[in-house]
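Asks: Got a structure for you, questions after.
Just so it is clear, none of the values below were taken in a lab; they were calculated from the coordinates. Everything numeric in this text was worked out from a predicted model, so none of it was measured. Methodologically, a virtual Cβ is constructed for each residue, glycine included, from the backbone with ideal geometry; neighbour enumeration extends over all protein chains shown.
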Amino acid sequence: MATYLVTGATGLIGGRLVRELLARADAERVWLLVRAQSRERLTRATSALPGAERVRPVVGDVSAPGLGIAADQLPELAGVDHVIHLAALYDVTAGDEASVAANVDGTRHVLELAAELGAGCLHHVSSVAVAGDYRGRFTEEMFDAGQRLATAYHRTKFESERLVRGQSAVPWRVYRPAVVVGDSVTGEMDKVDGPYYFFSALSRLESVPGLPLLFPDIGDTNIVPVDYVARAMAHLVHQPGLDGRTFHLVSPEPQSAKQVYNAFARAAGAPPAAAELDRRISAPLLGLLRFAENVPGVSLAVDAALDRLGIPPVLLTTLTFKPTFDSAGTQRALAGSGIEVPDLDDYAGVLWRYWREHLDPLRARRHGHRGTLDGRRVVITGASSGIGRATALKVAAAGGVPLLLARRESELEEVRAEIVAAGGEAYAYPCDLTDDESVAKTVSAMLADQPAVDMLVNNAGRSIRRAARLSYDRMHDYERAMAINYFGAVRLILALLPHLTERHFGHIVNVSSIGVQGIAPRFSAYVASKAALDYFSKIVATETHGAGITFTTVHMPLVRTPMITPTKIYDAFPAKSPEQAADMVLKALVERPAHIGTPTGYAIQAAYAVSPALVNAIAYQAYRIFPDSTAPGTPQSPLRLGKGERNLTAAARALAKLTRGFHW
């Protein structure tokens with residue numbers, strides 16, 4: 001019977017190796033080192049495995065001396081047969097400090113504990129990265145051959161293997177996997193790494209499948225599936241007489257970059273590489289490209305393109321291997337086991353499909369077959385009436401799922417019931433956007449209830465029409481306008497941004513005002529609050545550009561909703577219906593432009609840019625000819641009695657029609 005202590009058991013290789021160990025009849029006990037915060041995850045991962053009763057978690061951390069294992073647990077581990085060290089930082093983009101702590105210090109701590117426990121053998125998982133830029137055939141017996149090590153990952157994997165080889169307290173075996181990808185049967189993979197970084201770029205070529213490519217000869221790589229690595233290790237760990245040896249867990253024949261591209265291109269429906277550009281031609285071209293990257297403008301463009309595709313720049317220098325890896329000893333040790341490296345062409349499609357379904361960072365951007373809004377969860381504030389209600393109905397009709405927000409639950413339920421009665425789906429979330437706790441609870445509830453949140457329409461608002469001369473003692477008007485129009489919208493945006501960022505997709509529509517484009521007398525409170533949101537969104541849009549989060553500002557003209565009812569002169573103004581306004585919002589959701597407005601708004605904006613003095617003069621005349629609204633609590637004037645157009649002068653009526661949709 002055999003006992004094991006495994007580090008890195010929650011990782012890609014570790015999880016499968018544990019399955020292989022538990023499948024062995026002679027596995028008596030399998031101790032798995034796990035951080036305290038990952039214990040629940042480990043339990044979930046192992047509880048359903050056959051033989052799970054033989055698993056014992058050991059709380060600790062390779063970064064701590066003695067692996068941080070409690071002293072009272074050490075006697076139980078004494079004399080363990082196999083210490084299998086998989087825990088490491090497998091990231092070519094990581095810096096020196098993090099890589100040294102995980103890979104070098106971690107290995108040192110494992111060695112010290114293995115010696116203290118009197119372990120039968122230490123099995124150390126290294127990497128073919130230790131070969132660095134060695135040119136030629138790198139055998140399993142080779143280690144320090146004067147190779148250059150390009151990244152912190154390469155250097156620290158080399159140093160950790162040196163530690164293992166340089167000690168004599170514990171017998172050892174070293175395993176050097178090549179580039180490890182997902183399971184060749186299920187496609188399962190735990191993260192985007194290695195060739196997966198290029199899958200997003202490859203997916204963009206699906207639209208041009210008939211275009212043959214001329215592929216540069218950039219060298220060879222070596223890819224193996226994780227199930228091969230785990231099965232091979234499980235076999236080699238138990239073979240007698242192999243201590244002090246190194247095993248290359250690699251494809252016996254390296255794969256050219258063109259072969260790898262074509263294998264995944266076929267799976268993705270992308271154009272194949274029809275021919276390979278001779279290395280004598282491609283090498284100088286690549287050298288020229290590397291030189292051009294030092295030119296400021298070129299380097300900026302290259303970095304931007306790579307960032308857009310999610311490709312770390314360092315990957316371009318570590319994409320292929322200078323050496324080829326001899327695995328003759330490993331093949332002899334595996335002879336008769338039936339364990340062989342499958343051909344990449346046979347399982348590339350499995351890997352691609354798993355990535356597309358589970359790992360594609362842009363998968364949230366794919367919508368249903370019925371259109372852009374099909375299946376999209378769209379948060380709509382102020383959804384109980386007016387523009388918000390009309391927008392919710394149109395979103396549902398387009399196949400979307402409105403998440404309805406407003407203060408009054410009963411009115412939200414009426415809108416939700418109307419959508420459901422029409423065959424749609426909607427959810428009501430009563431919320432006070434001016435309250436931090438209310439917004440936090442609402443967002444938490446939405447994210448718990450829904451598979452995701454895709455879009456947000458900030459429609460809820462408060463309009464105040466009052467001249468500054470009537471507002472000397474009404475500072476609260478400005479505070480109330482900012483509270484809902486600006487701070488309420490910002491509060492909700494900030495609450496949803498982490499979720500949208502994680503999904504690499506999101507669109508936010510802010511219902512602003514045509515007044516921001518021009519000069520709207522008597523609207524200093526309202527327009528200022530909308531302008532603040534406009535500029536908040538412009539700035540945040542630049543910061544979230546790389547995360548796929550976009551913003552649309554809708555400079556909405558006058559809309560005949562309950563919000564404008566108290567201002568009776570608007571009875572005489574041309575105005576859009578809520579349904580027409582909702583069409584503008586729907587266009588913003590579907591097309592996702594930066595801005596949507598009206599011809600009147602654009603004309604006023606252009607006029608102000610050309611001649612602000614003239615526009616100010618016209619606005620002043622409008623201020624004079626249009627009457628004030630009655631403040632709450634004061635006796636109502638005829639303007640409040642529904643007289644409408646009969647209370648306006650001929651000049652006022654003409655200006656209202658000339659500036660159609662503008663609110664004076």
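Asks: Given the DSSP H assignment, sum -39500 (n - 2.57) over each helix run of at least 4 residues in the chain and divide by its residue total; what's the result at 222 nm in deg cm²/dmol, nearest 500?
Replies: That calculation yields -12000 deg cm²/dmol at 222 nm.
Asks: Suppose every K and R has +1 on its Cβ and every D and E has -1 on its Cβ; what is the size of the dipole of segment 2-356 about the Cα centre, in Debye to the nearest 20?
Replies: The calculation lands at about 300 debye.
Asks: Count the DSSP beta bridges whose two residues both fall in the chain, then state the antiparallel fraction as a percent rounded to the nearest 5.
Replies: 5 percent
Asks: A follow-up question, please. Between segment 136-174 and segment 1-26, what's the alpha-carbon centroid distance in Å?
Replies: Cα centroid of segment 136-174 versus Cα centroid of segment 1-26: 24 Å apart.
Asks: Do you know the Lys pair count in the chain for C-alpha distances under 14 Å, with sequence separation 8 or more or different chains?
Replies: So the count works out to 4.
Asks: With the Cα gyration tensor of the chain in hand, give its eigenvalues times 5 under a square root as the equivalent ellipsoid semi-axes, listed largest first in whole angstrom.
Replies: 64, 29, 22
Asks: For Met446, Met233, which order do you get if you count the other beta carbons within 10 Å of each Cβ and list the fewest first?
Replies: In order of increasing Cβ crowding within 10 Å: Met446, Met233.
Asks: So for segment 2-356, averaging the separation of alpha carbon pairs under 8 Å that are six or more residues apart and normalising by length, what relative contact order in percent results?
Replies: 19 percent
Asks: Now for a different question. Could you list Tyr472, Tyr602, Tyr4, Tyr347 in order of exposure, starting from the residue whose Cβ has the fewest other Cβ atoms within 10 Å?
Replies: By the 10 Å Cβ count, ascending: Tyr472, Tyr602, Tyr347, Tyr4.
Asks: Which order results if Leu149, Leu405 are arranged by neighbouring Cβ count within 10 Å, fewest first?
Replies: Ranking Leu149, Leu405 by Cβ neighbours within 10 Å, fewest first, gives Leu149, Leu405.
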